[in-house]
Amino acid sequence: QVQLVESGGGLVQAGGSLRLSCAASGRTFSGYGYAMGWFRQAPGKEREFVAAITWSRGSTYYADSYYADSVKGRFTISRDNAKNTVYLQMNSLNPEDTAVYYCAADTPPSCTGYGCYDGTRYDYWGQGTQVTVSS
């Protein structure tokens, strides 16, 4: 079993920044080959894709990252394989970014390309962390 624990959410003013973290653990989790994603769900709305990062052997510099159009240029996803942790740096936040943010893991063979946008292919999910952006 794999456990994902998000942290770093909170209340921030519009234009501000937050950095979310997702720590992965579990007896069967090695991180090897896993793609990681962030999704969010606002009240009354469906869950939507935010960002994803593929697996990369060695330096994560070679990992591919993908973003929803609504966050492109403002959010950055990264991962530290040694720490089994994925991050979401969120800058220039606006009230439309208010949502519960979920971390997700896609087991090998994990996604590449547009496949990473599909939430149904992720096998493990965290409990979520609330992000609230005030105007």
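The values are calculated or read from the model by the stated rules, or taken from the named source; none is laboratory data. Since this is a predicted model, take the numbers as computed values, not measurements. Glycine gets a Cβ as well: all are built from the backbone with ideal geometry, and neighbour counts include every protein chain shown. We work out accessible area using only protein heavy atoms, side chains counted, and drop any ligands, DNA or RNA first. Shrake-Rupley method; radii C 1.70, N 1.55, O 1.52, S 1.80 Å.
Just a few scattered comments:
- Condition met for S110 (out of contact with any Cys (no Cβ under 7 Å at 6 or more places or on another chain), farther than 21 Å from V2 by Cα and not in a helix (DSSP H, G or I)): no
- Number of the condition not met by Y124 [criteria: (1) among the aromatic types (F, W, Y); (2) surrounded by 21 or more Cβ atoms within 10 Å (Cβ to Cβ); (3) closer than 19 Å to Y32 by Cβ]: (2)
- Scanning the range 88-109 for residues that are in contact with a strand residue (DSSP E or B) (Cβ under 9 Å, 6 or more places away or on another chain), surrounded by fewer than 22 Cβ atoms within 10 Å (Cβ to Cβ) and modelled with pLDDT under 95 turns up T107, P108.
- Selected residue [surrounded by fewer than 20 Cβ atoms within 10 Å (Cβ to Cβ), of a type in the set (V, I, T) and at pLDDT below 95] from T54, T76, T112: T112
- You will find that of V100, V5, the residue that is outside any loop (DSSP other than H, G, I, E, B), within 22 Å of S134 (Cβ to Cβ) and hydrophobic (A, V, I, L, M, F, W, C) is V100 and no other.
- Residue match in the range 66-84 (condition: part of a loop (DSSP other than H, G, I, E, B), of a type in the set (S, T, Y), farther than 20 Å from T132 by Cβ and touching a strand residue (DSSP E or B) at 6+ places or on another chain (Cβ under 9 Å)): no
- The residue pairs whose first member lies in the range 1-15 and is among the small types (G, A, S) and loosely packed, with under 13 Cβ neighbours inside 10 Å, whose second member is at pLDDT 95 or above and assigned to a loop (DSSP other than H, G, I, E, B), and whose beta carbons are closer than 8 Å, counting only pairs six or more residues apart or on different chains, are G15/S92; G15/L93; G15/N94.
- The set of residues from the range 57-73 being touching a Ser or Thr at 6+ places or on another chain (Cβ under 6 Å) and surrounded by 13 or more Cβ atoms within 10 Å (Cβ to Cβ) comprises A63, D64.
- Residue match in the range 24-31 (condition: of a type in the set (D, E, K, R) and touching a strand residue (DSSP E or B) at 6+ places or on another chain (Cβ under 9 Å)): no
- Checked against the criterion of being farther than 24 Å from S134 by Cβ and of a type in the set (V, I, T), the range 56-63 contains one or more residues that satisfy it.
- The set of residues from the range 24-43 being open to solvent by 30 Å² or more (accessible area, probe 1.4 Å), modelled with pLDDT under 95 and closer than 28 Å to V133 by Cα comprises just one member, P43.
- Pair list, Cβ < 8 Å and 6+ apart or interchain, from the range 107-135 residues that are closer than 16 Å to A51 by Cα to residues that are basic (K, R): C111/R121; G115/R121; G119/R47; V131/R40
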